[in-house]
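First the structure, in the form of structure tokens, and then the observations on it.
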Amino acid sequence: MLDKAYGVGERAPQVDGPAKITGQAKFAGDIKLAGMLEAKVLRSPFAHARIRSIDVSRAEALPGVACILTGNDLGDIDPYYGHAVRDRPIVAIDRAKFAGDPVAIVAAESASIADQALELIVVDYEELPHATTIEEAMVANAPQIHDTEQLRLGLFHGLGDFQPHNNICYEHHLEDGDVEKLFSKADEIVEGEYRFPSVYQYSMEPHLTVAHWIANDQLELWSNCQHPYLVRAEVADIFSLSKANVRIHVPYLGGGFGSKSYTRLEPMAAAVARKAARPVRIANSVTESMWTSRRHNMICKMQTAADKDGMLLARKVELWLDTGAYADNGPRVVATAADAAAGPYAWQAQKVDAFGVYTNRPPSGSYRAFGATHLQWIGESQINEIGRRVGLDALEMRKKNLLKFGDTIRKGGKPLDADLIGDIQKVADGLDWGEKRGENIGRGFGIGLLAAGSRPVSTSFLRLEADGTITVLVSTTELGQGARTAMSQLVSEVLKVPLSQIRVPDGDTQITPYDRSTGASRSTTLAGGAVHLAALDLREQLIDIAVKMWKLSDEAIEIREGQVWGGDKSATFAECLEWHFGFVGGELFGRGIVRPEEGQGTYSAGPVFWEVCTGGVEIELDRDTGEIKLRKVVSVADVGTAVNPSLIKGQEMGGAAQGLGNAIFEEMHFEDGQLMNGNLADYRVPKLFDMAEEFVSVIVQNEDGPGPYGLKGVGEGILAAMPAAIVNALGELGIEINELPATPERVWKAMNDSRQDDNTLQKKIGGE
Amino acid sequence: MQLQTTINGKPIQAEVPAETLLIDLLRDDLDLTGTKRSCDMQICGSCTVLLDGQPVSSCSLLAYETQDRQVLTIEGVSLNGSLHPVQTAFLQEYGLQCGFCTPGMVLTTLSLLAENPNPDEETIRAHIGSNLCRCTGYYPIVNAVKKSVQLTNNTPGD
Amino acid sequence: MRTLTPFSILAPTTLQDSFQHIEEHGWNAALYAGGTELLLTMRSGLASFPYLIDIKKIPQFDEISFNKDEGMLTIGAGATHRSIETSPLVLEQLPLLAEVESMVANIRVRTVGTIGGNLCFADPHSDPATLFMAWAGTTFELVSSAGVRQIAPDEFFVDLFTTARAENELMSKIHLPILGKRMGGAYKKFVTLERPTANVAAFLGLANGKIDSARIAVGSVGPIPVRAIDAEGTLLGGFPDEKLFERAAETAAEATDPVDDVYGSKEYKKQIVRVLTRRALKQAATRADRSQ
Ligand SMILES: Cc1cc2nc3c(=O)[nH]c(=O)nc-3n(C[C@H](O)[C@H](O)[C@H](O)COP(=O)(O)OP(=O)(O)OC[C@H]3O[C@@H](n4cnc5c(N)ncnc54)[C@H](O)[C@@H]3O)c2cc1C
Ligand code: FES
Ligand code: FES
């Protein structure tokens, strides 16, 4: 299947498919080093506790235990990390800040010895008052999770200067126009308080890191991380190593969805391996991974004002995101949520106040379409409500109010780079909007924008080997999204070689060059951009060689069918190299560098592009139980240019499934900070039976993206759109949802509430 | 205990503690790392292997249970180095993304086809619905199983 | 999940041998069938045993047989869910049982887990337990060195994870009478998490267009499945119509006393019981009507 060239726009097979389908693809957990120890982590049972003392003597004495690491072992390094705020010690120092916070790590000859040793460690805890919800953390004299004055900022927050204070780790405010004035003259105001749950990304593969020190100044890690270069910098900083001496290998990832963004287990693994002076592996269980990263739960108050014709005037939003005990990516999530809050409408005024709140819960970080998923369903349901009040249907409301191409979204930021009305029309068409609906059948859609791309810094080398094989050196992480296939296609497009002649090896910070991260839908656009430039560079070099070899002008040279052509003469790449080097050896390198086109690519000047988050659903409601059955999903992927439509459709289907989960099932339950459903029996992930009967995927290609061929990233938008679409479909059925997930029980309750409202309304009318 | 079993057609004799889980025998002792551990509680199916042709969760099954029986893991699925039609079908239909659930999906499909070479859509969904995938939204997996039915029935001598 | 602590496996090949092992090791040993619950419990750190007694090697322990004269289907306690679900005998004589068994867990748990293990573990969220509770004439056979006894489901299930089985007893068989003419049964479950949130089994017998027998059991919302006796009473002698079913469903729901937990609130579970009971009765009546 792979022995063919596949250019941009073609449905190339997955280049890593054969490795994965045979079980040969190596994941982090498949790596075994000689003498490797298994580490297990002792975690705090309390949401907030002082650690008076830890007695590891009995555990240490257990045969087969190599070493035990506690907060007392971190004196000779800078143990605090956190790319946004350096608030997290490798293991708890003095205080444990959430139930599940690492307190000690055992490294032993086997997992079972490590398990036994954990039971022999005696920790003397003093329970402290805790703040395990946003409300508890925000009251005056709430327990303070951190001594915020002492907190230093991390290496990569990218958000300018800020200082956490009280239990606020970050705040972001946007204000434009005179909101109060517009509200005072509005005909219609919709307002409400809304809640979004804590959700687990649930990549099938839990977090895992193997650490191995070479002497005491070189560290080698195998880790399922999405952003190896950022992890490298943080780890180097902790142990005062040269960055170049920290080598991170990134094998295939069993999904990430943001859970493996930034630094995770690497500092723990490195610290224990250092103490043990042996290679060490830490492998999370699912429960531990749920304690490692999750999506922020949120409380939001939103008000929307419009005139009697349904013209939107102003929006006011206050939101609080629970970042848990450590900031993790919270600040960026707060900023992105603030960006997404108003929605892509032509507001005359808007005001957004967004806060990231520290609590005694597990830390929250990135999860696919963060910010947008939190906010879109709220804003979109308010727009529909206004429509109902003024007598405009949801589509008319959008056509009347959506921003147009080139409009300003945020002052100083990138203007709108998509045709939103065109996109939403396609969603409506896919849903047969306007056609009659059956009883208990609801249709809904949503549209929004997600600040995508993160920092635009990516680099790549293409290595043309003597036999014509092209090795793509790029640090994009293959998580299942098809990065390696897309990169191969970008090369194949330029150099016209079959995919089997292209290799994309694992990321390795000692070999594959710098890439900022794999997330924010940035890979194909930015890392792909670098690969594209590298391919062009290589192409130039080949043409130069042919010009010299055949003494032709460069216009006369052409590359097709994997060969260089000059009139009726042709040479394989290998032959070109042989001529060039005068020997069967030697290689060429193509170089690709993507950096900010202007300015420094900061958050305020960004984003790299606005990802359109749109889609629609048709649902059937069981009024007896509140259960929702998805009948149809319509996704519209506005991608600029589709490198591989099949991969895009895969992203849309997978994203929609997760969006469904976020909308109607998934919720991490906490009681006093204790995670009550930290396993797959009690935490519900969508199954095959939950999928819609019909999935309509539309790909919009307006070539309006910043990447090569006008492409822009995808993969996140549909997730944000799904809750909005489902909540709006319920809205059409008269059911108002202000808390997700819309579980059958919540829907049933909301149904009864609205029934009661109807009754009281009828009584009122009847009584008059 | 002294364990005698056959894994991917190869007789295996090993001295293992009675409490050894099958997944650990496969991954740690035999280096058959294609079998993946995820939920570790018999729900997701990433760790699926076939025991005498029937799907089991190796994460929670004692290696002891394989005594004198046949185990098939993903490493034993390919036929003399070339892909099994079920594998080809998954590739053709993009029935995988990250690949972590994939070995389990392939083996579960094989167990279905062994039982019922011509399953209808409902049977396919009931069977493969026992496995979880977080990446694909399942649509391409169902298509891959349907394609598997076609390809296996068209493979001569199979 | 933690790693398993070491144990030895004993594998008796006769009932007598297994009694001997049980007596010899007492609390130090656990009966081990499929292990789907037992190993999970041990790996969660909730229990540990130096000995597991593998009862799968006992002859005929997994046999499924039908006695035509008595109209009794007998299922060996060691039969797996999957073998029951696919047994031609079960599909022919008691298709409802096959239907319910096909809804248990997932195919891998059904392949390994046994019906006896399900019942003896007495997890409150069990499908077959609720079914058997409603199934008139069902008995479980318990054997020990002291002999054999038959016990009805409503005496067998005592509390959460607790049954009337004595420590030295083994469940060997389940006896199920096949349904008579003009009898129909139905089973409905509602799932939000992995295991059932609520389930209802209902059996109706019809005579001259009226209901002359009714059995309903409600499960998963309390520690053990329970009969909805009052609801059954409301049905007797009535015409099988929606209104009557709704009344019976209401009575069944009111009789339950669910707990608030991750599966749902008390109030909501009552609603689900109401809905499932109504739907189960309706289907049971249709099936009764069709069975000649
Ligand atoms: C992920 C998962 C999902 C599940 N979902 C469902 C579901 O939806 N519906 C449902 O009904 N069930 C469900 N179950 C329960 C499942 O049916 C049981 O796990 C299985 O049937 C238990 O059988 P076993 O042979 O594995 O029991 P084991 O684990 O071997 O034994 C369980 C207990 O019973 C004892 N025991 C076993 N056999 C006997 C015997 N013959 N006599 C006396 N004592 C005995 C053992 O000592 C042990 O204490 C689920 C289980 C899992 C793991
Ligand atoms: S890992 Fe075994 S079923 Fe999930
Ligand atoms: S392909 Fe990633 S979990 Fe299925």
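The values are calculated or read from the model by the stated rules, or taken from the named source; none is laboratory data. Computed from a predicted model, the values in this text were never measured in an experiment. So basically every Cβ, Gly included, is an ideal-geometry build from the backbone, and we count neighbours across all protein chains shown. The area values use the complete protein model at the heavy-atom level, side chains included, leaving out ligands, DNA and RNA. Shrake-Rupley method; radii C 1.70, N 1.55, O 1.52, S 1.80 Å.
Quick notes on this one:
- Ordered from largest to smallest accessible area (heavy atoms of protein chains, 1.4 Å probe), the residues C:Ile55, A:Ile593 come out as A:Ile593, C:Ile55.
- Hz values of 3J(HN,Hα) by residue in the stretch A:429-445 - Karplus curve (6.51, -1.76, 1.60), Gly and Pro given as x: 4, x, 8, 6, 3, x, 5, 5, 9, x, 5, 6, 9, x, 10, x, 8
- Measuring r between the beta carbons of C:Ser265 and A:His173 and using R0 = 35 Å, the FRET efficiency lands at 0.35.
- Under the simplified labelling scheme, the A:Glu396-C:Ser291 pair shows an inter-label distance of 5.7 nm, with each label point 7 Å from Cα along Cα→Cβ.
- Cα-based Kirkwood hydrodynamic radius, the stretch B:1-126, one decimal, Å: 15.0
- Sequence of C:Lys189, C:Lys269, A:Lys749, A:Lys436 from largest to smallest accessible area, 1.4 Å probe: A:Lys436, A:Lys749, C:Lys189, C:Lys269
- Normalised size of the stretch A:75-128, defined as Cα radius of gyration per 2.2 N^0.38 Å with N residues, equals 1.34.
- Only Cα pairs under 8 Å and 6+ residues apart enter the sum, and on that basis the relative contact order of the stretch A:178-236 stands at 19 percent.
- Straight-distance crosslink candidates among aspartates and glutamates, where the alpha carbon sits under 12 Å from B:Lys146 and sequence neighbours closer than 8 are dropped: B:Glu93, B:Asp120, B:Glu121, B:Glu122
- Heavy-atom accessible surface of the stretch C:183-290, averaged per residue, reaches 38 Å², computed with a 1.4 Å probe.
- Placing a pseudo-label 7 Å from each Cα along the Cα-to-Cβ vector at A:Leu128 and B:Gln13 gives an inter-label distance of 6.0 nm.
- Take the accessible area of chain B alone and of chain C alone, subtract that of the pair, and you get about 2000 Å² summed over both chains, using a 1.4 Å probe.
- 10 Å-binned pair-distance histogram of chain C (Cα, whole percent): 7, 28, 34, 21, 8, 2, 0
- For the listed residue pairs A:Lys40/B:Lys36; A:Lys243/A:Lys351; A:Lys308/A:Lys426; A:Lys436/A:Lys649; A:Lys496/A:Lys687, the alpha carbons are over 30 angstrom apart in A:Lys243/A:Lys351; A:Lys496/A:Lys687.
- Estimated Rh, the stretch A:155-240: Kirkwood, alpha-carbon pairs, angstrom: 18.9
- Counting Cα-Cα pairs of the stretch C:1-137 in 10 Å increments starting at 0 gives whole-percent bin shares of 12, 38, 33, 15, 2, 0.
- Rolling a 1.4 Å probe over the heavy atoms of the protein chains gives chain B an accessible area of 33 Å² per residue.
- For A:Gln163, net neighbour charge (Lys/Arg +1, Asp/Glu -1) across residues whose Cβ lies under 11 Å away: -2
- Evaluated with a Cβ-only charge set (Lys, Arg +1; Asp, Glu -1), the protein assembly as shown carries a dipole of roughly 880 debye about its Cα centre, given to the nearest 20.
- Over the stretch B:85-153, relative contact order from alpha-carbon pairs under 8 Å, at least 6 apart, %: 57
- The stretch between A:Glu598 and A:Asp672, if pulled fully straight at 0.36 nm per residue, gains 21.8 nm over its current Cα-Cα span.
- When Rg and the Kirkwood radius Rh are both evaluated on Cα atoms of the stretch A:450-566, their ratio Rg/Rh stands at 1.03.
- For A:Met1, solvent-accessible area (1.4 Å; no DNA, RNA or ligand), Å²: 100
- Total formal charge among the other residues, if their Cβ is under 11 angstrom from that of A:Pro197, Lys/Arg +1 and Asp/Glu -1: 0
- Kyte-Doolittle mean at least 0.0 and Cα axial length at least 15 Å: DSSP H helices in chain B: B:102-115
- Virtual spin-label span in nm between C:Ala146 and A:Ser53, 7 Å along Cα→Cβ: 5.2
- The heavy atoms of A:His249 present about 30 square angstrom of accessible area, all protein chains included, probe 1.4 Å.
- Residues whose amide H falls under 5 Å from that of A:Gly9, counting only those 5 or more places apart or on a different chain, are A:Val643, A:Asn644, with hydrogens built in the peptide plane.
- Cα convex hull volume per residue for the stretch A:550-615 (Å³): 220
- Other-chain or far-sequence residues with amide H under 5 Å of A:Ala66's (modelled H): A:Ala107, A:Ala108, A:Glu109
- Dimensions of the stretch B:95-145 based on its C-alpha atoms, expressed as ranges along the principal axes with the largest first, amount to 28, 17, 15 Å.
- The 1.4 Å probe gives accessible areas that order A:Val547, A:Val633, largest first, as A:Val547, A:Val633.
- Most positive-pole-ward Cα, A:Pro363, A:Ala466, C:Val262, against dipole of the protein assembly as shown from beta carbon charges: A:Ala466
- Taking amide hydrogens as placed 1.01 Å from N in the peptide plane, the amide H of A:Ile699 sits under 5 Å from those of A:Ala637, each at least 5 positions away in sequence or on another chain.
- Semi-axes of the equivalent ellipsoid for the stretch A:359-431, computed as √(5λ) from the eigenvalues of its C-alpha gyration tensor and ordered from largest down, come to 27, 19, 13 Å.
- The stretch C:8-54: equivalent-ellipsoid semi-axes (sqrt of 5 x gyration tensor eigenvalues, Cα, Å): 20, 11, 7
- Estimated vicinal HN-Hα couplings, Hz - the stretch A:336-346 in sequence order (Karplus 6.51, -1.76, 1.60; Gly, Pro = x): 5, 5, 4, 4, 7, 4, 6, x, x, 10, 7
- Lysines with Cα under 17 Å of C:Lys266, excluding same-chain neighbours fewer than 8 positions away: A:Lys749, C:Lys189
- Residue (of C:Thr5, C:Gly26, C:Ile84) at the positive-pole extreme of the stretch C:1-126, dipole from beta-carbon charges: C:Thr5
- Every pair of different Cα atoms in the stretch C:183-290 enters the Kirkwood calculation, which places the hydrodynamic radius at 13.4 Å.
- Taking 0.36 nm per residue of separation and subtracting the current Cα-Cα distance, fully stretching the chain between A:Thr408 and A:Trp565 would add 51.8 nm.
- Chain A: relative contact order as a whole-number percent, Cα under 8 Å and 6+ apart: 16
- From largest to smallest, the equivalent ellipsoid semi-axes obtained for chain A from the alpha-carbon gyration tensor read 42, 38, 22 Å.
- Alpha-carbon spread of the stretch A:1-109, three principal axes, descending order, Å: 65, 38, 28
- Surface accessible to a 1.4 Å probe, per residue, for the residues of chain A, Å²: 34
- Surface share of carbon and sulfur [accessible, 1.4 angstrom probe, percent] for chain A: 47
- Rounded to the nearest 20, the size of the Cβ-charge dipole of the stretch C:183-290 about its Cα centre is 340 debye, with Lys and Arg at +1 and Asp and Glu at -1.
- Heavy atoms of A:Asp467 accessible to a 1.4 Å probe, total area in Å² rounded to 10: 110
- Entry note: the stretch B:2-76 has Rg to Rh equal to 0.91, where both radii use alpha-carbon atoms and Rh is the Kirkwood radius.
- Charge dipole (the protein assembly as shown, unit charges on Cβ, about Cα centre) - positive-most of A:Leu479, A:Gln489, A:Gly606: A:Gln489
- Heavy atoms of chains C and A lose about 1700 Å² of accessible surface on contact, summed over both sides with a 1.4 Å probe.
- Karplus-derived 3J(HN,Hα) values for the stretch C:277-291, using 6.51 cos²θ - 1.76 cosθ + 1.60 with θ = phi - 60°, are 4, 4, 5, 5, 4, 4, 5, 4, 5, 4, 5, 4, 4, 7, 7 Hz; glycine and proline are entered as x.
- Here, the stretch C:64-177 is characterised by an Rg to Rh ratio of 0.94, where Rg is the alpha-carbon radius of gyration and Rh the Kirkwood radius.
- Compactness of the stretch A:69-186, expressed as Rg and Dmax over alpha-carbon positions, Å: 20.3, 72
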